[in-house]
1. Residues of the range 111-130 being open to solvent by less than 40 Å² (accessible area, probe 1.4 Å), in contact (Cβ under 8 Å) with a residue 40 or more places away in the chain and either among the aromatic types (Phe, Trp, Tyr) or over 22 Å from THR48 (Cα atoms) (or both), which ones?
2. Might you let me know whether the range 232-241 holds any residue that is more than 31 Å from the chain's Cα centre (by Cα) and either of a type outside the set (Lys, Arg) or at positive phi (or both)?
3. If you take the residues of the range 146-165 that are within 30 Å of PHE248 (Cα to Cα) and assigned to a loop (DSSP other than H, G, I, E, B), which of them is least open to solvent (accessible area, probe 1.4 Å)?
4. Give the number of residues within the range 206-231 that are open to solvent by 40 Å² or more (accessible area, probe 1.4 Å) and either modelled with pLDDT under 95 or among the charged types (D, E, K, R) (or both).
5. Which numbered condition in (1) out of contact with any Pro (no Cβ under 7 Å at 6 or more places or on another chain); (2) among the aromatic types (Phe, Trp, Tyr); (3) at pLDDT 95 or above is the only one that TRP258 fails?
6. Search the range 1-29 for residues being of a type in the set (A, V, I, L, M, F, W, C) and open to solvent by 30 Å² or more (accessible area, probe 1.4 Å), and hand back the single one that is farthest from LEU143 (Cα to Cα).
7. Scan (1) farther than 16 Å from THR228 by Cβ; (2) in contact (Cβ under 8 Å) with a residue 24 or more places away in the chain; (3) open to solvent by less than 80 Å² (accessible area, probe 1.4 Å) for the single condition ALA168 breaks and write down its number.
8. Return yes when GLU55 is part of a helix (DSSP H, G or I) and not β-branched (Val, Ile, Thr) and no when it is not.
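The values are calculated or read from the model by the stated rules, or taken from the named source; none is laboratory data. Here the structure is a predicted model, which is why all the values come from computation and not from measurement. Please note: Cβ atoms are built from the backbone with ideal geometry, for glycine as well, and neighbour counts cover all protein chains shown. These accessible areas exclude ligands, DNA and RNA; they are computed on the full protein's heavy atoms, side chains included. Shrake-Rupley method; radii C 1.70, N 1.55, O 1.52, S 1.80 Å.
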Amino acid sequence: MPFDRAALSQAVAAHGTVARIVVVQVKGSAPRPAGTSMLVWAGGASGTIGGGQLELQSMRDAAMMLAGGPRSKLTRAALGPAMNQCCGGAVTVVIEVFDAVTLDALPDTYPDIYLRAIDPAAPPLADSFRAKIDRASGSATPLAITLHGGWLAEPLWQPSRQVVIHGAGHVGSALARILAPLPQFRVTLADPRPGYLDTLPEGVTGVDGPWGAALHGAEDDAAHFIMTPAHDDDLDLCHRLLQRDFAFGGLIGSDTKWARFRSRLAALGHAPEQIARITCPIGARQFGKHPQAIALGVATQLLQFGPARTNKQPSLTQKERCA
């Protein structure tokens, strides 16, 4: 997982001083892959590096550092003999302490890579390693977390995709709750009906204007899911969505509903290839029709979609394109 500066900044703003634990190297079997991280502060923590003795000892080290110990620490451990974990592999963990001052001082040499010396006695950055980072920065293939000669390079978390859910009914609200904790999504839940946005999940933005209000401020590469209580409102939103840029459009409904909508959208002047940009039905039939099951299928579909700022739609079989 890339270095998420925004999440770290929020934790520092809330707790003052925060330790970040990150797995930087893995050999053999381990609970989590390299790049996995968690945050620790006095009296709390978020995330996990896999549990067990590795996490417990790392959290103890982090607590010691928060209490006035070193600002960074690198630990290598064999999970079997040293940690009594059955994984049997070996891991390298880095712990760093951050506060508002250190966050402001983070280097910005690269827009998409966080490079720093972990070891205070680290020699100057090797030319070969710098060349590797230079090639990776800005490329289509993100740099994997890399430890080299006392220097650590991590990819920075890139902009997340906006997801606009039109309709806060059973499925819409369930979908918002599933997506809200995932850092790769920023969720907007739109519904004009009184009371439907009263209990928004943490991190979800509500839009209570008329249907379509959320379209105006939506990003061009947003994913849209249309699930209002009325077919006419669904149709109008599909019609308006097809008149603007978007990365993914999904409509809740059956094959019969979509057949009717295709005819009505064609009558409104949309070409077949435009109409085909909307996926309907959405979800996964094998999950069932319970609202949470439909939402889970839709979330799975969205996770299989490309990363933010791409316009390539996933290849969906007819079995997958059903609710």
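1. ASP112, ILE113, TYR114
2. Yes; the residues of the range 232-241 include at least one that is more than 31 Å from the chain's Cα centre (by Cα) and either of a type outside the set (Lys, Arg) or at positive phi (or both).
3. This residue is SER160.
4. 5
5. (1)
6. Out of the qualifying residues, it is ALA14.
7. (1)
8. yes
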